[in-house]
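A short write-up of the structure that comes next.
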Amino acid sequence: MPSKTLTDGTRPGAAQEPSAASAESTRKWWILAVVALAQLMVVLDATIVNIALPSAQADLGFSDGSRQWIVTAYALAFASLLLLGGRIADLFGRKTAFLIGVVGFAAVSALGGAATNFEMLVTARALQGAFGALLAPAALSLLNTTFTDARERAKAFSVYGAIAGAGGAVGLLLGGVLTDALDWRWTLYVNVAIAVVAFAGGWVLLTNHRDAENSKLDVPGTLLVASGLFALVYGFSNAETHDWGSPLTWGFLIAGGLLLAAFSWWQTRAAHPLLPLRILFDRNRAASFLAVLISGAGMFGVFLFLTYYLQLNLGFSPTKTGVAFLPMVGALMVAAQVGTTVLVPRLGPKAVIPLGFAVAGVGMAWLTGIGVGSHYLSAVLPQLIVTGLGLGLVMPPAMQLATGGVAAEDAGVASATVNAMQQVGGSIGTALLNTLAASAATDYLAGKDPTNKLVQAQATIESYTTAFWWSAGFFAAGAVIAFVLFRRGVPEQDADAAPVVHM
């Protein structure tokens with residue numbers, strides 16, 4: 001039988017020379033930089049195109065009704081193919097999946113940047129989502145299997161989780177800068193430059209482990225979960241353009257639920273399940289998946305409606321809007337570092353993650369105080385910082401716990417599940433908050449003069465604050481759910497993380 005080796009290539013119990021150990025440690029942090037860069041590229045594209053949409057619409061001449069598909073096409077492909085992408089990484093090697101994902105993402109980004117019509121742009125966005133579904137779980141599982149020391153792993157996930165949480169805001173900033181300074185097409189072309197660096201680093205630094213090479217792809221499970229997630233995200237997306245009573249909304253939501261239920265049943269029967277249910281049976285891991293889902297839903301109350309408020313009510317430019325989110329990004333990154341490296345290892349997730357949800361909820365509730373004549377420094381900035389601190393205590397620790405302690409052959413699919421939860425949560429949040437905000441504006445205008453500009457402005461404020469209250473409600477529910485579900489004490493994987501062993 002071949003001897004066992006650790007992920008760094010040494011045999012168990014073998015001592016490394018100090019210089020070799022130092023070189024290996026340096027290599028790990030360079031891998032983190034490469035993985036984080038690739039993840040940033042994927043997360044950016046969930047929001048970077050949003051600010052550029054008006055310019056793209058004017059250039060290509062598509063209708064307002066078609067505009068949402070530039071965003072939805074990416075979300076549909078990304079969410080529905082994530083579990084397949086994660087399993088491909090486990091079966092065929094994470095380095096292979098990572099590099100193919102990076103190259104493919106760059107190529108279709110260039111295609112979108114060169115789009116000459118609406119159909120070409122939508123196709124490119126859907127393909128971006130497909131390659132992102134391969135790239136994102138490969139990146140996260142590489143992080144999970146590279147950092148096996150508890151302290152190093154906590155630091156690595158604080159960086160990764162901060163990027164996952166703040167990437168949407170960074171996308172708004174970069175999208176605004178590129179659109180103002182160059183052209184909307186550069187919101188897509190920029191991925192090519194990022195991909196060149198990520199590919200070069202991945203080619204040099206990564207090794208190709210195939211931890212599930214003796215397994216086979218679960219084709220029925222793949223079809224069930226892909227179609228189920230597609231129907232679920234599509235149904236929630238339709239709620240933005242149709243009412244909740246439309247068959248295109250509730251019909252797809254019911255179909256998605258039934259398909260996902262069938263997928264769960266099949267996973268108990270399949271010889272090589274796409275998502276081994278043992279991944280979900282750990283209480284802390286299941287709670288972490290729910291925490292990522294809820295935080296994804298609530299975050300859109302910040303990004304989406306606050307972007308509208310800053311640009312339409314306060315008159316901010318796209319670039320200034322992006323800059324306005326930077327304090328939140330900074331607060332999130334600080335809280336991510338403190339939460340994963342100090343608080344969770346000492347207090348455990350049952351104390352830290354509910355606290356993070358509660359703080360984020362306070363920030364969102366405080367943000368409902370905005371008005372027509374409010375100022376950014378007093379009515380927006382402090383609230384953004386508080387919300388960022390709260391989210392920094394939720395997302396990085398939840399991502400770390402969701403992927404920690406899984407068998408090496410399941411690392412890719414566990415990572416894909418985290419990404420799927422964040423994407424589905426974002427889709428649910430966008431649909432619900434848009435519908436509730438629109439209803440609030442309509443209710444406010446009832447019995448008033450809709451041609452009066454002051455009345456119109458106040459109606460939009462009513463829609464924003466309604467969305468913020470509901471986001472605060474999401475976070476409050478998250479605090480309760482996290483407190484109930486997470487186990488007491490410090491997780492074993494954080495206190496004494498065992499190294500991943502490859503045969």
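The values are calculated or read from the model by the stated rules, or taken from the named source; none is laboratory data. If you're wondering where the values come from, they're calculated on a predicted model, not measured in any experiment. We place every Cβ from the backbone using ideal geometry, glycine too, and count neighbours over all the protein chains shown. Each accessible area value is taken on the protein alone, full model and side chains, heavy atoms only, with ligands, DNA and RNA left out. Shrake-Rupley method; radii C 1.70, N 1.55, O 1.52, S 1.80 Å.
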| task | Kindly list, by first and then second residue, each pair from a residue in region 428-448 that is within 20 Å of ALA79 (Cα to Cα) and in a helix (DSSP H, G or I) to a residue that is at pLDDT 80 or above and among the aromatic types (Phe, Trp, Tyr), limited to pairs with Cβ atoms under 8 Å and residues at least 6 apart or on different chains. | result | GLY429/PHE474; LEU432/TRP470; LEU433/PHE305; LEU433/TRP470
| said: Between a residue in region 253-280 that is touching a residue at least 60 places away in the same chain (Cβ under 8 Å) and closer than 23 Å to GLY425 by Cβ and any residue that is basic (Lys, Arg) and crowded, with 18+ Cβ neighbours inside 10 Å, which pairs come within a Cβ distance under 8 Å, given they are 6 or more apart or on different chains? | reply: LEU274/ARG87; ILE279/ARG285
| task | Mind listing whichever residues of region 98-125 are of a type in the set (Gly, Ala, Ser) and either surrounded by fewer than 18 Cβ atoms within 10 Å (Cβ to Cβ) or touching a Lys or Arg at 6+ places or on another chain (Cβ under 7 Å) (or both)? | result | ALA107, ALA110, GLY112, GLY113, ALA114
| request: Search region 178-195 for residues being under 19 Å from GLN311 (Cβ atoms) and crowded, with 20+ Cβ neighbours inside 10 Å, and hand back the single one that is modelled with the lowest pLDDT. | output: THR179
| request: Kindly indicate which of THR460, THR435, THR451, THR417 is at pLDDT 75 or above and closer than 30 Å to GLY93 by Cα. | output: THR417
| message | For the structure I just gave you, tell me whether GLY390 is under 28 Å from TYR308 (Cα atoms) and of a type in the set (Gly, Ala, Ser). | response | yes
| field | Close pairs from region 465-477: first open to solvent by 20 Å² or more (accessible area, probe 1.4 Å), partner modelled with pLDDT of 90 or more and not in a helix (DSSP H, G or I), Cβ under 7 Å, at least 6 apart | value | TRP469/THR368
| When region 367-377 is examined, which residues are found to be crowded, with 18+ Cβ neighbours inside 10 Å and part of a helix (DSSP H, G or I)? | LEU367
| request: Please work out which one of (1) open to solvent by 20 Å² or more (accessible area, probe 1.4 Å); (2) over 19 Å from the mean Cα position of the chain (by Cα); (3) at pLDDT 80 or above is the condition ALA271 fails and give its number. | output: (3)
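Residues being assigned to a helix (DSSP H, G or I) and either touching a Cys at 6+ places or on another chain (Cβ under 7 Å) or open to solvent by 70 Å² or more (accessible area, probe 1.4 Å) (or both): count how many of those fall in region 222-247.
Quick first cut of region 222-247, residues assigned to a helix (DSSP H, G or I) only: 222-241, 247.
This time we only want the ones that are either touching a Cys at 6+ places or on another chain (Cβ under 7 Å) or open to solvent by 70 Å² or more (accessible area, probe 1.4 Å) (or both), so: 223, 230, 240-241, 247.
Count: 5.
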| Does LEU355 satisfy the criteria of being at pLDDT 85 or above and open to solvent by 30 Å² or more (accessible area, probe 1.4 Å)? | yes
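Could you list all residues from region 334-352 that are within 19 Å of the chain's Cα centre (by Cα) and either of a type in the set (Ser, Thr, Tyr) or open to solvent by 50 Å² or more (accessible area, probe 1.4 Å) (or both)?
VAL334, GLN337, THR340
Which of the residues spanning region 108-147 are in a helix (DSSP H, G or I) and among the hydroxyl-bearing types (Ser, Thr, Tyr)?
SER109, THR123, SER141, THR145, THR146
Return yes when TRP250 is of a type in the set (Phe, Trp, Tyr), within 24 Å of ALA441 (Cβ to Cβ) and either open to solvent by 50 Å² or more (accessible area, probe 1.4 Å) or more than 18 Å from the chain's Cα centre (by Cα) (or both) and no when it is not.
Values: of a type in the set (Phe, Trp, Tyr): yes; within 24 Å of ALA441 (Cβ to Cβ): yes; either open to solvent by 50 Å² or more (accessible area, probe 1.4 Å) or more than 18 Å from the chain's Cα centre (by Cα) (or both): yes.
Yes, satisfied.
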| request: Kindly list the number of the only condition in (1) open to solvent by 60 Å² or more (accessible area, probe 1.4 Å); (2) farther than 30 Å from LEU172 by Cβ; (3) at pLDDT 75 or above that fails for PRO2. | output: (3)
| query | Quick one: LYS95 ticks every box in (1) open to solvent by less than 10 Å² (accessible area, probe 1.4 Å); (2) touching a Leu at 6+ places or on another chain (Cβ under 6 Å) bar one, so which box is it? | reply | (1)
| remark: How many residues of region 274-305 are under 21 Å from ILE353 (Cβ atoms), open to solvent by less than 50 Å² (accessible area, probe 1.4 Å) and either aliphatic (A, V, I, L, M) or not in a helix (DSSP H, G or I) (or both)? The answer is 11
| request: Considering only region 423-440, state which residues are open to solvent by 20 Å² or more (accessible area, probe 1.4 Å) and among the hydrophobic types (A, V, I, L, M, F, W, C). | output: ILE428, LEU432, LEU436, ALA438
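From the residues in region 143-173 that are aliphatic (A, V, I, L, M) and open to solvent by 10 Å² or more (accessible area, probe 1.4 Å), which one is modelled with the highest pLDDT? Show your work before the answer.
Applying the first criterion (aliphatic (A, V, I, L, M)) to region 143-173 yields 143, 150, 154, 156, 159, 162-164, 166, 169-170, 172-173.
Next, only the ones that are open to solvent by 10 Å² or more (accessible area, probe 1.4 Å) stay: 150, 159, 163, 170, 173.
On the way: ALA150: 66, VAL159: 71, ILE163: 69, VAL170: 71, LEU173: 74.
If we take residues in region 143-173 being aliphatic (A, V, I, L, M) and open to solvent by 10 Å² or more (accessible area, probe 1.4 Å), then LEU173 is modelled with the highest pLDDT.
If only one of VAL413, VAL406 is under 27 Å from ALA133 (Cβ atoms), in contact with a helix residue (DSSP H, G or I) (Cβ under 7 Å, 6 or more places away or on another chain), aliphatic (A, V, I, L, M) and in a loop (DSSP other than H, G, I, E, B), which one is it? Show your work before the answer.
Working: VAL413 fails: in a loop (DSSP other than H, G, I, E, B).
Matching residue, one of VAL413, VAL406: VAL406.
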| query | Before we move on, is GLY330 within 19 Å of the chain's Cα centre (by Cα), open to solvent by 30 Å² or more (accessible area, probe 1.4 Å) and small (Gly, Ala, Ser)? | reply | yes
